[in-house]
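The values are calculated or read from the model by the stated rules, or taken from the named source; none is laboratory data. Predicted model only: the values in this text are computed from it and were never measured. Virtual Cβ from ideal backbone geometry, glycine too; neighbours counted across all protein chains shown. Just so you know, the surface numbers come from the protein's heavy atoms only, side chains and all, with ligands and any DNA or RNA stripped out. Shrake-Rupley method; radii C 1.70, N 1.55, O 1.52, S 1.80 Å.
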Amino acid sequence: MKKHIFTILTICNMMLIFYFSNQNAEQSTQTSAWFLQFLPFSMHFIRKLAHFSIYALLGLNTLYMYKNYNVKHYALFALMTCILYACSDEWHQSFVSGRSPQITDICIDTCGALSMILLNLSTLKRKR
């Protein structure tokens, strides 16, 4: 079971991203507004921070998922999975009322995933 935990976390992470992407513009604004009561930032910053954070988590989950299955270039596979999912996520948003795909969001998602992957690779290297 321990070997599969990151697979389960990856799937849950992807489902959460899909859930947020499936919200129409009004629902998405309400979700972002809820966070504004706790964080003193602009709505735009909150949305971009959400992209970065949720994909950082996806980067972590996919990194350890592939590592646990002994995939040779597990970090590269993790990053590619995150990039492809970010692209599919933005494409999905093109079908949701009031939402539109943004290439900048794919870049922010990729930066979030890459940051967490690199951070964890450096931590793993130090442990050796």
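Here is how the numbers come out for the structure above:
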| item | result |
| --- | --- |
| Inverse of mean 1/r across different Cα pairs in region 39-79, Kirkwood, Å | 11.4 Å |
| Unit charges at the beta carbon, dipole of the chain: most positive-side option, S42, C82, Q93 | C82 |
| Neighbourhood net charge (15 Å Cβ-Cβ; Lys/Arg +1, Asp/Glu -1) for L60 | 0 |
| log₁₀ of I(q)/I(0) at q = 0.09, 0.22 Å⁻¹ - the chain, Debye sum with one point per alpha carbon | -0.28, -1.26 |
| Assigned charges on the beta-carbon of Lys, Arg, Asp, Glu; the chain dipole about Cα centre (debye) | 860 debye |
| Nearest 10 degrees, 0 to 90: helix 25-36 Cα axis against the chain principal axis | 70 degrees |
| Relative contact order, percent, the chain [alpha-carbon distance under 8 Å, six or more residues apart] | 33 percent |
| Lysine-lysine proximity count for the chain, Cα under 24 Å, sequence distance 8 or more or distinct chains | 12 |
| Cα-derived Rg over Rh, computed across region 59-120 with Rh taken as Kirkwood radius | 1.07 |
| Which of K67, K3, K125 is most accessible, then next, and so on - probe 1.4 Å | K125, K3, K67 |
